[in-house]
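Q: Starting off with a structure, shown below.
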């Protein structure tokens, strides 16, 4: 199983990219999933608010443990996950939680074979977040700092960084060859 994590601030197009990649990978068992994963833990996350970074880190890690066990049971060639543990490192560290501690909490989970960061200016993301169910102002205010943290993580861990302000087809075409390479296939597009 190959694991690809698609990361980025809210509104970057992670879900759109994951769903656009799947039909391009004919002949492979591809699973598209996302975090938070578990409905009950998602409810706890939503009720906890966004102020307690320690609680959020632990809730997301518990959710991730369930998610990873589920992913392993899928017997897939490729799993595309919309968010993974780097989201915790970016978002919860923006709340002042030590990033090394967040990394330690998440060190038991498999590292992605490829991490794609969809980089987007928060002002562009703002226009995409109109239908978001969370507290918009609080989330909007945090996006510049979260983006900065993501870019630092990308530099440290070698993410594939893609300009998410580009048209969807360009974003897809920037990522697809890397996934095909990961699967051992040349640049043939279905």
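The values are calculated or read from the model by the stated rules, or taken from the named source; none is laboratory data. Quick caveat: nothing in here was measured; it's all calculated off a predicted structure. A quick note on method: Cβ atoms are made from the backbone with ideal geometry, for glycine too, and the neighbour counts reach across all protein chains shown.
Q: Do the conditions hold for residue 21, that is, is it buried (at least 20 other Cβ atoms within 10 Å of the Cβ), touching a residue at least 24 places away in the same chain (Cβ under 8 Å) and in contact with a helix residue (DSSP H, G or I) (Cβ under 7 Å, 6 or more places away or on another chain)? Spell out how you get there, then give the answer.
A: Numbers: buried (at least 20 other Cβ atoms within 10 Å of the Cβ): yes; touching a residue at least 24 places away in the same chain (Cβ under 8 Å): yes; in contact with a helix residue (DSSP H, G or I) (Cβ under 7 Å, 6 or more places away or on another chain): yes.
So residue 21 passes the test.
Q: Could you list all residues from segment 5-25 that are more than 21 Å from residue 55 (Cα to Cα), at pLDDT 95 or above and in a loop (DSSP other than H, G, I, E, B)?
A: Matches in segment 5-25: 8, 12, 13, 25.
Q: Report whether or not residue 31 is within 11 Å of the chain's Cα centre (by Cα) and part of a strand (DSSP E or B).
A: Numbers: within 11 Å of the chain's Cα centre (by Cα): no; part of a strand (DSSP E or B): yes.
The answer is no for residue 31.
Q: Sticking with this structure for a sec: Hey, which of the helices (runs of 4 or more DSSP H) in segment 73-154, taking only ones fully inside, have at least 3 residues that are at negative phi and modelled with pLDDT of 95 or more? Working first, answer last.
A: Numbers: elements: 85-93, 99-105, 122-128.
Here the list reads 85-93, 99-105.
Q: Another question, if that's okay. Within segment 48-62, can one find any residue that is in a strand (DSSP E or B), within 22 Å of residue 148 (Cβ to Cβ) and touching a residue at least 60 places away in the same chain (Cβ under 8 Å)?
A: Step one: list which residues in segment 48-62 are in a strand (DSSP E or B), which gives none.
The answer is no, given that none of the residues of segment 48-62 is in a strand (DSSP E or B), within 22 Å of residue 148 (Cβ to Cβ) and touching a residue at least 60 places away in the same chain (Cβ under 8 Å).
Q: If you don't mind, another one. Return the only residue of 175, 124 being touching a helix residue (DSSP H, G or I) at 6+ places or on another chain (Cβ under 7 Å) and either exposed (fewer than 13 other Cβ atoms within 10 Å of the Cβ) or over 21 Å from residue 52 (Cβ atoms) (or both). It would help to see each step written out before you state the result.
A: On the way: 124 fails: touching a helix residue (DSSP H, G or I) at 6+ places or on another chain (Cβ under 7 Å).
None of the others qualify; the one that does is 175.
Q: State all residues of segment 42-82 that are over 17 Å from the mean Cα position of the chain (by Cα) and either buried (at least 20 other Cβ atoms within 10 Å of the Cβ) or under 19 Å from residue 8 (Cβ atoms) (or both); if no residue qualifies, say none.
A: 50
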